[in-house]
Amino acid sequence: MDFLVVLVSILTVALVFVLWIRKKHAFWKELGVPYVEPHFFYGNFKDVDQYQHDGQFIQRFYRKYKGRSPLIGMYTFLKPVAIAIDIELVKNILIKNFNSFHDHGTYYNEKDDPLSANLFNLPGTKWRQLRHKLKTAFTTGKVEMMFTTMWEVAKKFESKIGEACETGGEFHNRKLMTRFTVDVIGSCVLGVEANSLEDENNGFFQVGMSIFHNPRHGMRFIFLLNVFRDYARKLRFKLFRDEVIEFYTRIVRETVDYRLANHIERNDFMQLLIKLYTSKGEDKLSFNELLAQAFVFHIAGFETSSTTLQFCFYELACNPEIQDRVRNHIKEVLENHNGQLTYEALMDMKYLEQVLHETLRKYPPIGLLPREASQDYKIPNTKCVLKKGINVIVPAYAIHHDPEFYPNPSRFNPDNFSEEAVKNRPSVAFLPFGEGPRICIGARVGMMQTKMGVIAGLRKFRYTLSPRTKQPLKLLSKFNVIYPEEDVWLNVERID
Ligand code: HEM
């Protein structure tokens, strides 16, 4: 008898549980939005980080539903997530109705992992106030002031490529590009000489790489943290590894103390952060707030630019006529500026910009832009209301590969960014830096360092693919930043 009671109770609880999950997973159906059938536990993200890069994973559904609905319904575990497909809806979410979508909806834990409470993750008023304080560091004038420091690093990068020519003429694309951007961002953000071009065993390079290539959690677990943020905070989950937290806390503490004790002022982001830290007014930052921002500028600054340079050099090696054209263009502009690379000369290199924009189109470092509805939002011309708290994804990768906006999207074609082509496309069809008030705060810095990398790399050298590089290039599925699955090796020869 007792056994029967226990059995019936267990079965009843199990049934209630199953019905509850079914109810949760009926959300999109009840709203009349086309949806992708979810897995019982994972929702639609069971295959994430398994077979395909996340941008390509969402692209499958984007292609299937485009023209049939402005959005698709999916689930991260039990939580509904909307994928915006219609380009007008994308514009509304990112720009016109930004007030309803100002948050990324990502996890942070200020108390146990101060690095995570950074500008990218912070929501609402916290984000707004911080963005306002930090934006003065990223004006054109401030970015221009970093020009000389960046070019000094770029010249060291050029000599490293020269060394590769002398020692066999082959190099590991990812390592070399990352050593360059780690050093640039080290100098311009943290105000330290990371020196990884000279020594790849140094902490900045090793710890920096480990954040992306040996993260504390896999992507599916990060989705789980994003969905159950309050519980995760109570359980004191951190985003970053302890050694990463310790490394950045130590470096930033030492830099701040040294500069304050020796009254040192420099033209870098750290200076602005120190100014806010020592201010008395309402702009004041605590040490942990300063630390989190120095950290996010550093990691957001070097990895995105490094992947952009990696794919750019890869495409130039695959497309020798484009490589020659951009090299000749750089030389021509330099000649017009008396052989000197100045900020103005850099701005005049329009075709170089087209090449980098095309790289960012084909390989956007962040293929999915996250947003969260901060209030109920009725989708124009439909009956569908996105309830407060629902996550929304803008599928940048899929949009960048949509033939409606880019004919023959898998071809590397910098003419996609001629003035004429840009004019004939909706502006939100190009989203490598996001868009609207939450657009990447460091976009100008990113463009400047990648341009310098290409100039330093191309002036004196020619590139071809090494036979060691596997073709066609597949994208790595494990991480949300875009990487090639296999190592890319390039051959380089001197041409001056
Ligand atoms: C090629 C280089 C870069 C690319 C492709 C890139 C891309 C992005 C993207 C897609 C976002 C999200 C935007 C959105 O949600 O709409 C973002 C945000 C951000 N990026 Fe970048 N980024 C680059 C370079 C940099 C650099 C150099 C820095 C700092 C020095 C930086 C700092 C940040 C920060 C702090 C945010 C969060 C902004 C906020 O939420 O208000 N990025 N970036």
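Between ARG250 and PHE3, how many nm apart are label points set 7 Å from Cα along the C-beta direction?
Distance between label points: 6.1 nm.
When the label point is put 7 Å from the Cα of HIS39 along its Cα-to-beta-carbon vector, which residues of segment 57-83 have a backbone N closer than 19 Å?
The answer is 57-62, 73-83, whose backbone nitrogens lie closer than 19 Å to the label point.
Give LYS133/LYS280; LYS91/LYS135; LYS362/LYS451; LYS64/LYS383 a once-over and call out the pairs whose C-alpha atoms are over 19 Å from each other.
Cα-Cα > 19 Å for LYS91/LYS135; LYS64/LYS383; rest within.
Please list, in chain and number order, the residues 5+ apart from LEU369 or on another chain whose amide H is under 5 Å from its amide H, with Hs placed from the backbone.
VAL394, ALA396
Students often check this: by mean Cβ neighbours within 10 Å, which of 248-259, 22-33 ranks highest, and how do the rest follow?
Going by the mean number of other Cβ atoms within 10 Å, highest first, we get 248-259, 22-33.
Quick one: angle between helix 350-362 and the longest Cα principal axis of the chain, in degrees between 0 and 90, rounded to 10, please.
30 degrees
Carbon and sulfur atoms: what percent of the 1.4 Å accessible area of the chain do they account for? Kindly include the intermediate steps, with their values, before the conclusion.
On the way: 12140 of 22580 Å².
On the chain, the fraction of accessible area on carbon and sulfur atoms equals 54 percent.
Using θ = phi - 60° and the Karplus form 6.51 cos²θ - 1.76 cosθ + 1.60, what ³J(HN,Hα) does each residue of segment 228-234 get, whole Hz, x for Gly and Pro?
Values per residue, Gly and Pro as x: 10, 4, 5, 5, 4, 5, 4 Hz.
Net charge within 11 Å of GLN59 by Cβ-Cβ distance, Lys/Arg positive one each and Asp/Glu negative one each, not counting GLN59 itself?
+2
Go ahead and run the numbers for FRET between GLN340 and LYS23, Cβ-Cβ distance against an R0 of 51 Å, rounding to 0.05.
E between GLN340 and LYS23, to the nearest 0.05, is 0.15.
Counting Lys and Arg as +1 and Asp and Glu as -1, each charge on the Cβ, what is the dipole of segment 357-430 about the Cα centre in debye, to the nearest 20?
Approximately 380 debye in magnitude.
So how tilted is helix 203-213 from the main axis of the chain? Cα-based, degrees 0 to 90, rounded to 10.
Rounded to the nearest ten degrees, it is 40.
Want the number for LYS350 to TYR51: 0.36 nm per residue separation, take away the alpha-carbon distance, what's left?
My answer for the length gained is 103.9 nm.
Expressed as an acute angle from 0 to 90° and rounded to the nearest 10, what is the orientation of the C-alpha long axis of helix 287-318 relative to the principal long axis of the chain?
The answer is roughly 70 degrees.
LYS79's amide H: which non-local residues (gap 5+, or another chain) put their own amide H closer than 5 Å, with H modeled 1.01 Å from N in plane and none for Pro or chain starts?
When sequence neighbours closer than 5 places are left aside, there are no close amide H contacts.
According to a simple spin-label model (label point 7 Å from Cα along Cα-to-Cβ), what is the distance in nm between SER159 and ALA261?
Calculated label separation equals 3.1 nm.
Based on DSSP H runs of at least 4 residues, each adding -39500 (n - 2.57), what is the mean residue ellipticity at 222 nm of the chain after dividing by all its residues, to the nearest 500 deg cm²/dmol? Let's see the in-between values first.
On the way: 20 runs with 246 residues, N = 496.
Helices in the chain give a 222 nm mean residue ellipticity of -15500 deg cm²/dmol.
The values are calculated or read from the model by the stated rules, or taken from the named source; none is laboratory data. What you see is a predicted model, and the numbers here were worked out from it, not measured in a lab. Cβ atoms come from the backbone with ideal geometry, glycine included; neighbour counts cover every protein chain shown. What goes into the accessible areas is simple: the full protein's heavy atoms, side chains included, and nothing from ligands, DNA or RNA. Shrake-Rupley method; radii C 1.70, N 1.55, O 1.52, S 1.80 Å.
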